[in-house]
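Below you'll find the structure, written out as structure tokens, and then a few comments.
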Amino acid sequence: MIDEFSLNFGKVGIWGWPWHGLISKEDDFSPSEIQLPNGTTRLHDMPEAPWYTYRLKVPGVAAIDRTPEQVAADLALGMEWRNEAILCGRFFQVYGRDLGGWIYCAADGSRWTINWQAETASRMGLIGKPADVRSLTVNMAVDNGQSTPVVDLGSGAVLVIIDPMPMDITPDGRKAILMQYCNDPAYSPGERKIPLGFLLAEVVGDIGTAFELNVTVLHDRTETLGTTDYEDAMTITLDGGGNPNSATGYETRDIEGRIWAAWFDAGGGTQTCTIDQHEELAQECPLSAATGYHRQLVRRRLRVNGVQKAEAELESEFDSMQTGTVDGTGTLNGETIYDETIPGYLYALPKSGAYSLLHQVMPRNYMPGVNVGDRCEVLPFSNNLLAFYISLTGTGSTDPEHRYLGAATPMGSVTINATEEAEIVSSPQREALYGPASYGAFNPVTYEFAAPSAAPIGWT
């Protein structure tokens, strides 16, 4: 803070904002509250889209100096003093106030609110001075890395949008990662964003230097979509109409390194969160039709800089003596989710074939499953917390089961293993996509998380 009134701050023992914790509310009609570290709560406005969280730390700020007795007294009151903060929500709320942009700490010690869409840099931390709003020149890359390959989801080449909310920001606000995405056409705009690339935005400027935001390509479309592989060890014979009448063997297909998020690491370098997808289909359906066997497996892994952080593996096996019944079993990460005998027969299936470009893009209708209604989806709880959502319909529960597993964060993995039972609905769309507990948030200061939640939550 810069004091233009020459106030005697020497008599102030400590100042700032001591209220930190999870922001939540019981329901849409209840006030929102902070859950304080002593177990009490305090009223606090809920930011819009509170799952966006960014760490803010001004370089050179001294550590908090409190005696153990003072810390204990603070805690008894639900208070905790910090030399860093969290920007929360769509309007970058800090200490209960929406800033409208992220905080940039210039090399000369001045601090500014960066609104890159409005192209402004606004001075902050002044007492007794008029507003100082400067122009911010945004220098976008001439080539945004989105020319190839062409992605068509049914209406021509997709429209690429730069997400106004950064995927991540360095604590000093000097760098941000922006996602380039297209909308999944099966849902309302913004409801299911499909990443197609990532940009690095770097701020320069200070009191005496013009402000610029220089934007370059961090990961282009080709890199973001990852690579594919396919193995075909299956033999199929066809009848006179071209339909399979016998099959033996297996096929596998893979997507590797599909980038779904990009973050900064603790040192300010960049890192990627990728999806690896592996699918297997095996079948033994001889021409005699005396027996039948099908096995299908879908495995998805989240990796941060190549290191596995979470896994979800769905597998189903169906075996039949072709006498009118089929024995079926299914597992999720080795846990049996169904084991039953159903009426029917097994027939030879056509080959799945190699993954197409649209499988790499990953719109929702290209997500593989292993049983009717069973599928696994990546759930972006927030800009910095990615998990798996799995819907299961054959578990024997009264209602379908919704599993939440994972997850990956910029600071490593966290353990989420939750189950909700509820009907599968068509609206609201977020619940249709991710079940009844689709909200979560990550604390970039303490590395705590809260997920899954039926209502929006955030951290301050």
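Structure data summary
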quantity: Residue in region 255-278 that is closer than 24 Å to I342 by Cβ and not hydrophobic (A, V, I, L, M, F, W, C) present; calculated: no
quantity: Options S288, S246: the member that is in contact with a strand residue (DSSP E or B) (Cβ under 8 Å, 6 or more places away or on another chain), farther than 30 Å from P444 by Cβ and of a type in the set (S, T, Y); calculated: S246
quantity: Count of residues meeting criterion [surrounded by 14 or more Cβ atoms within 10 Å (Cβ to Cβ) and either over 25 Å from L385 (Cβ atoms) or of a type in the set (D, E) (or both)] in region 39-57; calculated: 2
quantity: Strands (runs of 3 or more DSSP E) (entirely within region 29-134) containing at least 1 residues that are in the same structural domain as T170 (by TED's automatic domain parsing); calculated: 102-105, 111-115, 120-124
quantity: Hey, V361 free of Cβ contacts under 8 Å to residues at least 60 places away in the same chain, surrounded by 15 or more Cβ atoms within 10 Å (Cβ to Cβ), in the same structural domain as V298 (by TED's automatic domain parsing) and not basic (K, R) or not; calculated: no
quantity: Tally of residues being more than 30 Å from Y54 (Cα to Cα) and either touching a residue at least 40 places away in the same chain (Cβ under 8 Å) or among the aliphatic types (A, V, I, L, M) (or both) across region 402-427; calculated: 3
quantity: Those residues of region 323-382 which are assigned to a strand (DSSP E or B), hydrophobic (A, V, I, L, M, F, W, C) and in contact with a Lys or Arg (Cβ under 6 Å, 6 or more places away or on another chain), in sequence order; calculated: C376
quantity: Filter result for the condition that a residue is under 26 Å from the mean Cα position of the chain (by Cα) and either surrounded by fewer than 21 Cβ atoms within 10 Å (Cβ to Cβ) or modelled with pLDDT of 95 or more (or both), over T270, T291; calculated: T270
quantity: Sole residue being in contact with a Ser or Thr (Cβ under 7 Å, 6 or more places away or on another chain) and among the small types (G, A, S), chosen from G96, G101, G125, G89; calculated: G101
quantity: Tally of residues being surrounded by 15 or more Cβ atoms within 10 Å (Cβ to Cβ) and either at negative phi or in contact with a Gly (Cβ under 6 Å, 6 or more places away or on another chain) (or both) across region 396-410; calculated: 10
quantity: Any hit, region 154-174, residues being assigned to a strand (DSSP E or B), more than 24 Å from C88 (Cβ to Cβ) and outside the structural domain of N365 (by TED's automatic domain parsing); calculated: yes
quantity: Given (1) touching a Ser or Thr at 6+ places or on another chain (Cβ under 8 Å); (2) part of a loop (DSSP other than H, G, I, E, B), index of the condition P436 fails; calculated: (1)
quantity: All positions within region 383-395 that are within 17 Å of the chain's Cα centre (by Cα) and either assigned to a loop (DSSP other than H, G, I, E, B) or surrounded by fewer than 22 Cβ atoms within 10 Å (Cβ to Cβ) (or both); calculated: N383, N384
quantity: Residue in region 61-71 that is in contact with a Phe, Trp or Tyr (Cβ under 8 Å, 6 or more places away or on another chain) and not acidic (D, E) present; calculated: yes
quantity: Residue under evaluation E84, criteria (1) of a type in the set (D, E); (2) within 24 Å of M411 (Cα to Cα); (3) without any contact (Cβ under 8 Å) to a residue 60 or more places away in the chain, criterion not met; calculated: (3)
quantity: Lone unmet requirement of (1) more than 28 Å from P410 (Cβ to Cβ); (2) in contact (Cβ under 8 Å) with a residue 24 or more places away in the chain for P31; calculated: (2)
quantity: Evaluation of A233 against (1) of a type in the set (G, A, S); (2) assigned by TED's automatic domain parsing to the domain that holds I162; (3) within 36 Å of the chain's Cα centre (by Cα) (one fails), failing number; calculated: (2)
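The values are calculated or read from the model by the stated rules, or taken from the named source; none is laboratory data. Note that the structure is predicted; figures quoted are calculated from it, not measured. Cβ coordinates were reconstructed from backbone atoms using ideal geometry, including for glycine residues, and neighbour counts include every protein chain displayed.
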